[in-house]
Amino acid sequence: MKIELVKLPYETKALEPVISQRTIELHHGKHLSTYVNNLNNLLPGTSFENLSLEDIVRRSDGAIFNNAGQVLNHNLYFTQFSPKGGGNPSGKLAEAINAAFGTFENFQKEFEAAATSLFGSGWAWLAEMKDGRLIIVKEPNGGNPVTKELIPLLGFDVWEHAYYIDYENRRAEHLKALWQIIDWNVVEARYE
Ligand code: MN
């Protein structure tokens, strides 16, 4: 099964000023594209060849895990944004956020703190446990919550390639701005 580069559901300049066109072009067109190409070169002839991307991430290690993890991570990442995003989650997801974190504002605070404090490259995830409860998970490098039997709902990429052109070393500032472009309809659909 050939792994495809995920199509952006918006123009490359649509997320400005939160994420610049240049960053989207490099992040999607170069970084993610490289992970996709690497994976397509690594998979043929292995036992992972016909598995879903999630199952490859659950079962592999080494180079296949790193590249498959980053493809899965970025597929979730790029499709969770919209130029019309922002605001608050609603419905069952909002209820679960309040149950786990008290308020949406407190969830944002805890999520930003997890992402800011992650040392080096990695991801902060809002993830769903088997019973529907929510948890914030920090993953190093290309990790994804599916390896912990969790469902990834929302991911903030803290690799420097995600923000360095626009925010230089100000990771926390970048993370705070991301809330403006989160498409909560997409995140809610992942929860249901
Ligand atoms: Mn990235």
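The conditions of being in a helix (DSSP H, G or I) and closer than 19 Å to Leu93 by Cα are met by Leu178. The selection criterion, being of a type outside the set (A, V, I, L, M, F, W, C), under 21 Å from Gly122 (Cβ atoms) and either within 16 Å of the ligand (Cβ to nearest atom) or surrounded by 14 or more Cβ atoms within 10 Å (Cβ to Cβ) (or both), does not hold for Asn40.
Contact map, segment 15-27: residues that are farther than 15 Å from Ser82 by Cβ paired with residues that are surrounded by fewer than 17 Cβ atoms within 10 Å (Cβ to Cβ) and among the hydroxyl-bearing types (Ser, Thr, Tyr), Cβ distance under 9 Å, separation 6+ or inter-chain. Pairs shown: Thr23/Tyr164. Among the numbered conditions (1) touching a Lys or Arg at 6+ places or on another chain (Cβ under 8 Å); (2) within 30 Å of Pro44 (Cβ to Cβ); (3) surrounded by 18 or more Cβ atoms within 10 Å (Cβ to Cβ), the only one that Thr147 does not meet is (3). Restricting segment 48-65 to residues that are in contact with a helix residue (DSSP H, G or I) (Cβ under 8 Å, 6 or more places away or on another chain) and of a type outside the set (A, V, I, L, M), the residue that is nearest to the ligand (Cβ to nearest atom) is Phe65.
Selection within segment 9-25: residues that are within 15 Å of the ligand (Cβ to nearest atom) and surrounded by fewer than 16 Cβ atoms within 10 Å (Cβ to Cβ). The member of this set that is nearest to Glu173 (Cα to Cα) is Arg22.
The numbers here are math on the coordinates, done by the rules we state, and not lab data. All values derive from a computational prediction rather than experimental measurement. Positions of Cβ are generated from backbone atoms using ideal geometry, with glycine treated the same way; all protein chains shown enter the neighbour counts.
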